[in-house]
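> Dumping the structure here so I can ask a few things about it.
Taken together, the values in this text are just the output of simple stated rules run on the coordinates, not laboratory data. On a predicted model such as this, the values are computed, not experimentally measured, just so you know. We place every Cβ from the backbone using ideal geometry, glycine too, and count neighbours over all the protein chains shown.
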Amino acid sequence: MSVLETQAQKVRDSAKKLLADATAQTVIGYADEGVDGLCVPVFITDVKDVGRLVWNRRSVPNLASYLIGRKGKTAIVAKPCDARAVVNLIVENQIKRDDVHIIGMDCPGMTDAAGAALHACETCQVNTSPVFDERIENAEVKPVSPEKRDAERGLDENLARFTKEMEKCILCFSCRQACYGCYCQTCFMDRGVPDWHPESPDMGAKMLYHLGRAMHLAGRCVECGACENACASGVDVRYLIREVTGFVKELYGYDTGLSLEDQPAMLTYQPDDREVGFLGGEAHG
Ligand code: SF4
Ligand code: SF4
Ligand code: SF4
């Protein structure tokens, strides 16, 4: 049996036990029932159905947001990036720690339908779950290499890159729908009066959306890549958010979803916090 199949069998064994002894009323995991081998979320509530649970390199979706609003204790099969999202949902009081059982999967990285590594997985910095109730190990998962940040650019280059990505965007909001962190009942983009018949999506609206979302994800992105995986237009949805994440880490030494005790960078204030100003550079006074 391959290492992945062994992990999958351990998921099924665990789900059976959790449901049988009523530790959890539901187990959320992956079923091999999607298109092109893509796993889809499955909600198991009966021991007789645990055979539907799988685990493989196509267990791509981030399942964390399915925990919001659930009744009763729920177990979740969590990749490390999903586990970070679960931790951040607990820290942000969207779910309670006691209501979730985290089955933390060591993650070998996910692939697309052609077997190529997903972009987020190529640059993943956390491939074992930081918080879990049980861990399902994979001896083939290797420690990650040091993070590489994008090279710094000048203002003109930044604008050119941003515009190039925005030209591809059709403002479909799939990236928002896929993101665990976009759980607002009404998104800031839906608060205005929509123009249902634009000739093409307005460049200003696209820029507003992506800049606004990057700001709203400051110190909250768990680098799962669900947003870019959901984009059918090939937009590098995550590069702005990656920059903001690096900025928050550099300024506040904060990594999202690694600890239940750390206070989120954007919810704390210290009198000696650095004031860098919105457009960069140290602020005066
Ligand atoms: S980002 Fe990391 S933890 Fe998440 S699926 Fe990819 S390799 Fe696994
Ligand atoms: S912004 Fe993208 S990478 Fe970050 S948490 Fe949301 S879906 Fe995941
Ligand atoms: S970046 Fe992609 S997924 Fe997001 S709104 Fe634009 S086209 Fe849709």
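> Starting from 0.36 nm per residue, how many nanometres of slack lie between Asp202 and Lys73 once their C-alpha separation is accounted for?
42.1 nm
> Only Cα pairs within less than 10 Å get springs; with that Gaussian network setup on the chain, which residue of Ala78, Ala218, Ala116 has the largest fluctuation?
Ala116
> Under the 0.36 nm per residue contour assumption, what length would be gained going from the current alpha-carbon distance of Asp36 and Asn158 to full extension?
Residue separation times 0.36 nm, minus the Cα-Cα distance, leaves 40.3 nm.
> Taking the chain as the reference, fit the longest principal axis to its C-alpha atoms, fit the long axis of helix 80-91 to the helix C-alpha atoms, and give the angle between the two in degrees, 0 to 90, nearest 10.
80
> Still on this structure, I have one more. Can you work out ³J(HN,Hα) from phi for every residue in segment 44-52, in order, using Karplus 6.51 cos²θ - 1.76 cosθ + 1.60 and θ = phi - 60°, giving whole Hz and x for Gly and Pro?
9, 10, 10, 3, 5, 9, 5, x, 6
> Counting helices only, and only those DSSP H runs with n ≥ 4, report the 222 nm mean residue ellipticity of the chain as the sum of -39,500 (n - 2.57) divided by its residues, in deg cm²/dmol to the nearest 500.
Result for the chain, helices only: -9000 deg cm²/dmol.
> Still on this structure, I have one more. Using only the alpha-carbon atoms, how far is helix 239-252 inclined from the longest principal axis of the chain? Give it as 0 to 90 degrees, nearest 10.
Result, in degrees: 90.
> Let me ask something additional. Could you state the angle between the C-alpha long axis of helix 155-168 and the longest principal axis of the C-alpha atoms of the chain, as a value from 0 to 90 degrees rounded to the nearest 10?
50
> Still on this structure: Using amide H atoms built 1.01 Å from N in the peptide plane, name the residues 5+ places from Ala75, or on other chains, whose amide H lies under 5 Å from its own.
Distant-sequence amide H within range of Ala75: Gln25, Thr26, Val27, Ile28, His101.
> How are the Cα pair distances of segment 3-136 distributed, in percent, across 5 Å bins from 0?
With a bin width of 5 Å, the distribution comes to 2, 11, 21, 25, 21, 13, 5, 1, 0.
> Quote the charge dipole size of segment 155-283 about the Cα centre in Debye, to the nearest 20; the model charges only the Cβ of Lys and Arg (+1) and of Asp and Glu (-1).
380
> Can I ask one more? Relative contact order (percent) for the chain, with alpha-carbon contacts under 8 angstrom and 6 or more residues of separation?
Relative contact order here is 16 percent.
> Filter the cross-link list Lys48/Lys73; Lys168/Lys206; Lys10/Lys96; Lys16/Lys79; Lys79/Lys142; Lys16/Lys73 down to pairs whose alpha-carbon distance in this structure exceeds 21 Å.
Lys10/Lys96
> Gain in length, Ala20 to Gln185, computed as 0.36 nm per residue apart minus the alpha-carbon separation, to one decimal in nm?
Full extension from Ala20 to Gln185 adds 55.9 nm.
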